[in-house]
Amino acid sequence: MTASHGLAPEPDLDTAPGRVGVVDIGSNSVRLVVFDGLKRVPVPLFNEKILCGLGRGLEGSDQLNPEGVQLALNTLRRFVGLARAMKLQRLDLLATAAVRDASNGPSFVQEVESLCGLPVRVLTGAEESRLSAEGVLSGQPSARGFMGDLGGGSLEVVALGEGAGEAWATLPLGPLRLMDAAGDDRAKIQALINRQLSGQAWLSELEERDFYAVGGAWRALARIHMEQTHYPLHMIHGYSMDREEALELTGLVSHLGKRSLASMTGVNKRRIETLPCAAMLMRRIIELARPKRIVFSAYGLREGWVHNQLEPEVRDSDPLLSAAADWGTREARFGDLGGQIAAWCLPLFPERDEEAERLCLGACHLSDVGWRYHPDYRAEHVLLRVLRAQELCIEHFERAFIGRALYSRYGGNRNASILHYTRQLLSEERVRMADALGRALRLAYTLSGGDPQMLEVTALKPEEDCLVLKIPADAAVPPGQMIEKRLSSLASALKISRSDIQQA
């Protein structure tokens, strides 16, 4: 651990390669997240949150909550101990709204630094907004519209997309702060929300774009909606609902009492107190900005902080392809052959668009990660892993496409009920493409045995009503019965009536 971050208790203590940690000292919770490295899509290895309530009562007292301070200090001491035990390369402590706004915030920071031996970075409102937006964009680079990051003490709203850098605000609209100011009086809470948002006229200029929602209270709303609609995939990141669905949901939740909320499936009991405020706030934002969709992001401040440490060329790389290549390199038998396999397979889909090419390349990077499983279970395990993996930061339909392609690559039954996950998330065209790509991947490994040279000297070529595999006469590995079988299977998936192997 580097001395600059105060995590090297002994000079000869080895560090775990690349591991970094971020502690987010928020108004409601103190959280430690340990990532596997400073890279384009860092994978969380450890994630622990303690609801300390530092900002509880701040609105009236101008002071951090005394009980919250003691719990936070104990929690931070534990987190630093964990960081030492995990041999982190670096640990960064970030404090947000409550510490920033409290009159005794500086003395709390001084006590933390003395206790932990680490500096605390107290983020300004502008920094918190920028980093939260960078976190969202790191996971969803094509995001256009605006993002809202709801913490216990504040709301950061930032416009996303071209020319949006100056449209942002930090507002005192966290649920804890609202409840401190208005108690259980929802009419008063609504008035406070209206007053703060009335000054953000720029929101109305983003009509029909997307609203990217960040924060635990808003993620709880997504979970409720998933349960109500029987959504097939319980992954918050990338989940979306249209404007009317969101208005209906937030209208319902904002009027429910604690007992009714507690009886709803999907509601975390610790979120019951803050859910009505969060729903009222989201509803008012939707009314003002009229977004086309509400898209939920699991990426925010902490991920933005890590992303901000990267070199520009790494920051600008595609998160799907970066994560898939990283995963393939770690777990495939022959290393990452994604580029070579994609070059061999993609000519099968001459009418592919940019999105389809990107999805195919991602699947090619991951085309050998299931080899460790028993052959009878490979297809199912790989499908479920892609659908649920933290290693990938992608949209739900992207998970469905890649998972289905790999299910086909490992010979899964295309009529199996487990594929209902993918059928609900993909068009018929994408289903057919994923199934065909999977069979092409299966053929590629049977043909090459993981040797990229065999892929370089062979080629697949659709010719009229026949799918032709061209192999040099002097190829190191001649064709056999299994090649013929898998070529025929691929032709069937492509709706080509015949297949043939030509040696020349």
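Each value in this text was obtained by applying a stated rule to the coordinates, not by laboratory testing. These numbers were taken from a predicted model, which means no experiment stands behind them. Here the Cβ positions follow ideal geometry from the backbone for every residue, glycine too, while neighbour counts run over all protein chains shown.
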With r defined as the distance between the Cβ atoms of Phe334 and Lys292 and R0 fixed at 56 Å, what FRET efficiency is calculated, to the nearest 0.05? 0.80
For Asn413 and Arg77, FRET efficiency with R0 = 51 Å and r from the beta-carbon atoms, rounded to 0.05? 0.45
Taking the alpha-carbon centre of each part, the distance from segment 114-132 to segment 371-439 in Å is 41 Å
222 nm [θ] for the chain, helices only, -39500 (n - 2.57) per DSSP H run of 4+, per residue, to 500? -14000 deg cm²/dmol
Set of lysines with alpha-carbon distance to Lys39 below 24 Å, sequence-local pairs under 8 removed: Lys49, Lys87
Going by alpha carbons, how many degrees (0 to 90, nearest 10) lie between the helix axis of 66-86 and the longest principal axis of the chain? 30 degrees
Could you give me the ³J(HN,Hα) list for segment 427-437, computed from phi with Karplus coefficients 6.51, -1.76, 1.60 and θ = phi - 60°, whole Hz, x at Gly and Pro? 6, 4, 4, 5, 4, 5, 5, 4, 5, 5, 4
Antiparallel DSSP beta bridges within segment 126-303, as percent of all bridges there, nearest 5: 60 percent
Sort His396, His307 so the one with the fewest other Cβ atoms within 10 Å of its own Cβ comes first. His396, His307
Where does each of Lys461, Lys39, Lys495 land when they are ranked from fewest to most other beta-carbon atoms within 10 angstrom? Lys495, Lys461, Lys39
Among the lysines, which fall within straight-line cross-link reach of Lys470, defined as a Cα-Cα distance under 30 Å, with same-chain neighbours fewer than 8 residues apart omitted? Lys461, Lys485, Lys495
State to the nearest 20 debye the size of the charge dipole of segment 101-204 about its Cα centre, where the only charges are +1 on K and R beta carbons and -1 on D and E beta carbons. 300 debye
Got a sec? How would Ser317, Ser499, Ser107, Ser417 order by Cβ neighbour count within 10 Å, fewest to most? Ser417, Ser107, Ser317, Ser499
For a Förster distance of 25 Å, can you work out the FRET efficiency between the beta-carbons of Asp318 and Glu207, rounded to the nearest 0.05? 0.30
List the aspartates and glutamates whose alpha-carbon lies under 18 Å from that of Lys269, not counting same-chain residues fewer than 8 positions away? Glu48, Asp184, Glu227
Would you mind calculating the relative contact order of the chain from Cα pairs under 8 angstrom and at least 6 residues apart, reporting the percent as a whole number? 12 percent
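Extension gain Glu227-Ser497, at 0.36 nm per residue separation less the Cα-Cα distance, in nm?
Full extension from Glu227 to Ser497 adds 92.8 nm.
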For the chain, the longest principal axis of the Cα atoms and the Cα long axis of helix 319-331 enclose an angle in degrees, to the nearest 10, of 60 degrees
Which order do the peptides 323-330, 370-377 come out in when sorted by mean C-beta neighbours inside 10 angstrom, highest first? 323-330, 370-377
Mind listing the long-range amide H neighbours of Leu160? Cut-off is under 5 Å, sequence gap 5 or more, other chains count too, H placed in the peptide plane at 1.01 Å from N. Gly145, Phe146, Met147
On a 0 to 90 degree scale, rounded to 10, what angle separates helix 216-229 from the longest Cα axis of the chain? 50 degrees
